[in-house]
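Below: the structure, in structure tokens.
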Amino acid sequence: MTAAATLDCQHCGACCAVFRVSFYWAEADDAPGGTVPVALTRPVGTLHRCMAGTEARPVRCAALQGEVGRSVGCGIYAQRSSTCRSVQPGDEQCLKARAAHGLESGAAGITSADQAFSEHTSALR
């Protein structure tokens, strides 16, 4: 079984509480065809926006509901940005976010931090 098969986004939410979620301005609902609620965004330059709450530390997306690592959900899941849609369970971004929160990588109860340490020490050999 792969790590991705054991990771459940609804019990994680780490990616929503680690990274700035930036995207092209026209993905917001004040542009034709946009879906992301503009009220939940902040400008990032002239061509991009980010989700409110992800523009400064501590990071926590304004649309994230619940407790990271326990039970979470996205309040705008159907309207989320392409950036959010691009993160997949077990991919590099997912595992970085999980490690930042001390959550397991999904591989036999090993935390992402343990896995990174193991990979680092193996590379030194």
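Exactly one residue out of Arg85, Arg60 is crowded, with 16+ Cβ neighbours inside 10 Å and at pLDDT 95 or above, and it is Arg60. Scan the range 1-25 for residues that are surrounded by fewer than 16 Cβ atoms within 10 Å (Cβ to Cβ) and under 16 Å from the mean Cα position of the chain (by Cα) and jot them down. Result: Ala4, Asp8, Gln10, His11. Residue-level check: of (1) modelled with pLDDT of 95 or more; (2) within 21 Å of Leu7 (Cβ to Cβ), Gly69 misses just (1).
Restricting Ala78, Ala62 to residues that are over 15 Å from Trp25 (Cβ atoms), small (Gly, Ala, Ser) and not in a helix (DSSP H, G or I) narrows the list to Ala62. Would you be able to say whether some residue in the range 18-40 is within 18 Å of Lys96 (Cα to Cα), part of a loop (DSSP other than H, G, I, E, B), out of contact with any Lys or Arg (no Cβ under 6 Å at 6 or more places or on another chain) and acidic (Asp, Glu)? Within the range 18-40 (the criterion being within 18 Å of Lys96 (Cα to Cα), part of a loop (DSSP other than H, G, I, E, B), out of contact with any Lys or Arg (no Cβ under 6 Å at 6 or more places or on another chain) and acidic (Asp, Glu)), the answer is no, since none of the residues qualifies. For the range 26-50, the set of residues classified as closer than 21 Å to Arg60 by Cα, surrounded by 13 or more Cβ atoms within 10 Å (Cβ to Cβ) and among the small types (Gly, Ala, Ser) consists of Ala28 only.
Would you pick out the residues in the range 70-81 that are over 19 Å from Ala39 (Cβ atoms) and not charged (D, E, K, R)? Even if it seems obvious, please write down each step before you answer.
Residues of the range 70-81 that are over 19 Å from Ala39 (Cβ atoms), as a first pass: 70-72.
Passing the criteria: Ser71, Val72.
The values are calculated or read from the model by the stated rules, or taken from the named source; none is laboratory data. Computed from a predicted structure; not experimentally measured. Cβ coordinates were reconstructed from backbone atoms using ideal geometry, including for glycine residues, and neighbour counts include every protein chain displayed.
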